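The values are calculated or read from the model by the stated rules, or taken from the named source; none is laboratory data. Remember, it's a predicted structure, so these values are computed and weren't measured experimentally. So basically every Cβ, Gly included, is an ideal-geometry build from the backbone, and we count neighbours across all protein chains shown.
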Amino acid sequence: MTRQLLAVFVSVVGITAIATGCGGGGDSAPSPTKAEFTRQASAICEKGVKDIQRGIEVLVKKRAGENVGAFSKPLPDVAAEDVVLPNFETQVEDLRALGSPSGDEAEVTAILTTFEKAIKEGAEEPKGIFRGGAVSLGKTNQMATKYGLKYCGQP
């Protein structure tokens, strides 16, 4: 059963990376090109996906063999609250720090705003991250993919 839970969560983690984009840059740093931005943003998101996978694996192993009745919250809720959502918040911060490519500020801001909405939805209904309840997460994933980002917004 533990292997099955791990397999479910690891596959769900693959969905987390596409929801993130990037925000506007500061006045002192030059704007990245779109190619630079997509490369750096995709690397941030890929790292996020890997970190989420590792975090969920640790959580599943920690709970393995313990009495299920002893837990105050179901595993998907704990995984979302303790692993996925904090990781998403870090991804958004890191992506905003990149700055937006010149001329793409509105599109990148829209991606990040939608991603932040998905984080809020996930905080309100943690299981939604894994069961499609965080509608904005799917939308963020679509927007980020269309922009050329990889791995962004996947739990």
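Against the numbered list (1) over 21 Å from residue 138 (Cβ atoms); (2) modelled with pLDDT under 90; (3) under 18 Å from the mean Cα position of the chain (by Cα), residue 7 comes up short only at (3). Taking the conditions exactly as written (in contact with a strand residue (DSSP E or B) (Cβ under 9 Å, 6 or more places away or on another chain) and either among the polar types (S, T, N, Q) or part of a helix (DSSP H, G or I) (or both)), does residue 130 satisfy them or not? In short, no. Looking across segment 66-86 at every residue that is in contact with a Pro (Cβ under 9 Å, 6 or more places away or on another chain) and among the charged types (D, E, K, R), the one that is modelled with the lowest pLDDT is identified as 73. Only residues that are under 21 Å from residue 32 (Cβ atoms), touching a residue at least 40 places away in the same chain (Cβ under 8 Å) and among the acidic types (Asp, Glu) were counted across segment 78-121, and they come to 4.
Number of residues in segment 133-155 that are among the hydrophobic types (A, V, I, L, M, F, W, C), farther than 19 Å from residue 39 by Cβ and in a helix (DSSP H, G or I) equals 2.
Determine, yes or no, whether residue 52 is at pLDDT below 90 and under 15 Å from residue 151 (Cβ atoms). So residue 52 fails the test.
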